[in-house]
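Let me begin by presenting the structure, written as structure tokens, before commenting on it.
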Amino acid sequence: MVNRSPIPVVDMPLKIVVLLSGEGTLLQSFINRQQSGLPIEIVAVISNRPNVGGLARAQKAEIPAHEIDHKLFPDRPTFEAALIKLIDFYKPDLIVLAGFMRILGEQFVDHYQGKLINIHPALLPKYKGLDTHRRAIEAGDTEHGSSVHLVTSELDGGPVIAQIKLPILPGDTAETLTERTKQKEHLLYPEVLRWIAEKRLVLATGTPCCDGAPLKSPVILEPDSEG
Ligand code: GRF
């Protein structure tokens, strides 16, 4: 667990660009936590899908909201070049993937080495890829969760920074487990942003360092360490 005292002073909020493709409940958790003092500034929200809920949430919170529809580009490099150009305009400290359903190529990932994080709804290294909740239930797992990790060019394969766990209950379906996992993610992801804003978690070298030492295993967010 991350040592929580003394409380560090944050002189500048962490400037983040959020990339998403859907509903944006994770984005909403950032907005809510920012309003209650999380030292972040969401400088822009970008979606690769038009008219999604996440863009509406950004607009409601008066955050610049952009859509870059990947379908309008001839190939991945051209799409990613446009994405990079827009992101770099905002000069963020960190790029936060929050339900961004598009694989990012090497060109993009290399450009943001040590500045690009994702959340994946599984206890990595288990269940990379899609359909994680159903796969965990079908495998008879008793525990599930979500992981925040640095993004590398291997899908869901970068160093895991932090995880939160929850039990799989008898009678859970993929839908109920998805919903309960999302509730946990809304605690975990803002908390990781706080650690980065407070510079207790440093990602710049590509090896996550926490409280001055390389992270040997993911930080597990315990229920009593939220907030
Ligand atoms: C989250 O469950 C996240 O783990 C996954 O996509 C979902 C995004 O949900 N990568 P929302 O769009 O923020 O509601």
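The values are calculated or read from the model by the stated rules, or taken from the named source; none is laboratory data. Small disclaimer: the values here were computed from a predicted structure and weren't measured. Glycine also receives a Cβ, built like all others from the backbone with ideal geometry; neighbour counts cover every protein chain displayed. For the accessible areas, the whole protein counts, side chains as well, though only heavy atoms, and no ligand, DNA or RNA atoms are used. Shrake-Rupley method; radii C 1.70, N 1.55, O 1.52, S 1.80 Å.
What lysines does residue 182 reach when the alpha-carbon gap must be under 16 Å and sequence neighbours fewer than 8 apart in one chain are set aside?
165
If you plug each phi of segment 106-115 into the Karplus form 6.51 cos²θ - 1.76 cosθ + 1.60 with θ = phi - 60°, what whole-Hz ³J(HN,Hα) values come out, in order, with x for Gly and Pro?
4, 4, 6, 4, 5, 4, 10, 3, x, 10
When the solvent-accessible surface of protein heavy atoms is calculated with a 1.4 angstrom probe, in what order do 75, 69 fall, highest first?
Per-residue accessible area, sorted high to low, gives 75, 69.
Spin-label point model (7 Å from Cα, Cβ direction): what's the residue 154 to residue 182 distance in nm?
Output for this residue pair reads 3.0 nm.
For residue 66, what residues show an amide H to amide H distance below 5 Å, using hydrogens built from the backbone and excluding near sequence neighbours?
So residue 66 has HN proximity to 45, 46, 47.
Solvent-accessible area per residue for segment 14-220 at a 1.4 Å probe radius, Å²?
Ligands and nucleic acids excluded, the result is 46 Å² per residue.
What's the Kirkwood radius of the chain in Å, using all Cα pairs?
Over the chain, the inverse of the mean reciprocal pair distance is 17.9 Å.
Quick one: with all protein chains in place, what share of the accessible area of the chain is carbon or sulfur, to the nearest percent (1.4 Å probe)?
55 percent
Given Cβ point charges of +1 (Lys, Arg) and -1 (Asp, Glu) and nothing else, what value in debye, to the nearest 20, does the dipole of the chain about its Cα centre take?
Magnitude of the dipole: close to 180 debye.
Under the Karplus relation 6.51 cos²θ - 1.76 cosθ + 1.60, θ = phi - 60°, what is the ordered set of whole-Hz ³J(HN,Hα) values for segment 203-213, x standing for Gly and Pro?
Coupling constants for segment 203-213: 10, 3, 7, x, 10, x, 10, 10, 6, x, 10 Hz.
Modelling each spin label as a point 7 Å along the Cα-to-Cβ direction, I'd like the residue 130/residue 204 distance in nm, to one decimal.
If labels sit at residue 130 and residue 204, their model points lie 3.9 nm apart.
Using per-residue counts of other Cβ atoms within 10 Å, averaged over each peptide, order 44-50, 62-68 from highest down.
Descending packing order for the listed peptides: 44-50, 62-68.
How far apart, in nm, are the 7 Å Cα→Cβ label points at residue 10 and residue 71?
My value for the distance between the label points is 3.7 nm.
Can you give the Rg/Rh ratio of segment 27-130, where Rg is from the C-alpha atoms and Rh is the Kirkwood radius?
Rg/Rh for segment 27-130 comes to 0.95.
Just read off the accessible area of residue 101 with the full protein assembly in place, 1.4 Å probe, to the nearest 10 Å².
100 Å²
Given the whole protein assembly as supplied and a 1.4 Å probe, what does the accessible area of residue 40 come to in Å², nearest 10?
Approximately 10 Å² for this residue.
Would you pull out the residues with amide H under 5 Å of residue 166's amide H, same chain only if 5 or more places away, H placed 1.01 Å from N?
144, 145
At a 10 angstrom cut-off on C-beta neighbours, averaged per residue, how do the peptides 211-222, 136-147 rank from highest to lowest?
Answer by packing, highest mean first, reads 136-147, 211-222.
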